[in-house]
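Below is a structure I'd like to ask you about.
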Amino acid sequence: MGGARREGEIMLRIMRSFALLAVALASCLVAVQAAQAAPPVVPNGEPFEILSPAGEYCSFPLRISGESAAVVRPGSPNGDLIITGAVAVTVTNLATGESRSYNVSGPTFVDAQTGLQVFRGPALIGQPVSVNAEDTFLIITRGQWTFDPTTTAHSFRGRIAHDICAELG
């Protein structure tokens with residue numbers, strides 16, 4: 001029972017990061033291909049939608065919708081977790097109706113001992129105004145990004161592939 005509770009606490013941290021990003025959706029972690037007009041197909045995916053008011057991530061209201069077939073599985077005997085599976089997102093500027101779709105699938109690793117969350121490959125990462133940060137953003141990255149349990153960026157190697165607020169603004 002304690003293991004299930006610990007796993008639940010870790011999942012809450014992951015969801016908070018998704019708010020910071022992330023579909024990291026149960027953590028949306030992501031492998032991105034070029035933006036597409038039509039949403040990518042996710043076999044056996046579960047739909048999700050996140051509505052965000054103007055100013056939360058971007059200067060305009062937006063909707064992040066999509067499908068996720070991501071699953072959480074054990075990553076080690078220590079209780080580490082791996083989140084993998086197909087995730088496709090469409091981000092829409094609700095003021096203009098313009099949208100972009102991304103195929104985002106890629107593992108996220110959660111270290112049960114330290115709480116570090118490692119997003120490998122491309123990832124949808126956002127920093128909302130609600131975390132009292134100076135700068136808000138919603139980006140898709142390529143590389144490896146690591147966040148500590150407070151959802152502070154710990155380290156990163158890679159680049160920003162898409163600045164979604166700039167692309168849809």
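The values are calculated or read from the model by the stated rules, or taken from the named source; none is laboratory data. Just so it is clear, the structure is predicted and the values come from calculations on it, not from any experiment. Cβ sites come from the backbone with ideal geometry, for glycine too, and all protein chains shown count toward neighbours. Heads up: the accessible areas ignore ligands, DNA and RNA and are worked out on the full protein's heavy atoms, side chains in. Shrake-Rupley method; radii C 1.70, N 1.55, O 1.52, S 1.80 Å.
Go through TYR57, TYR102 and list them by solvent-accessible area, largest first, probe radius 1.4 Å.
TYR57, TYR102
With a sphere of radius 14 Å drawn around the Cβ of GLU56, what net charge do the other residues whose Cβ falls strictly inside it have (Lys, Arg +1; Asp, Glu -1)?
Overall, the nearby charge balance is 0.
Looking at region 59-169 from every direction and averaging, what is the projected area of its Cα convex hull in nm²?
7.2 nm²
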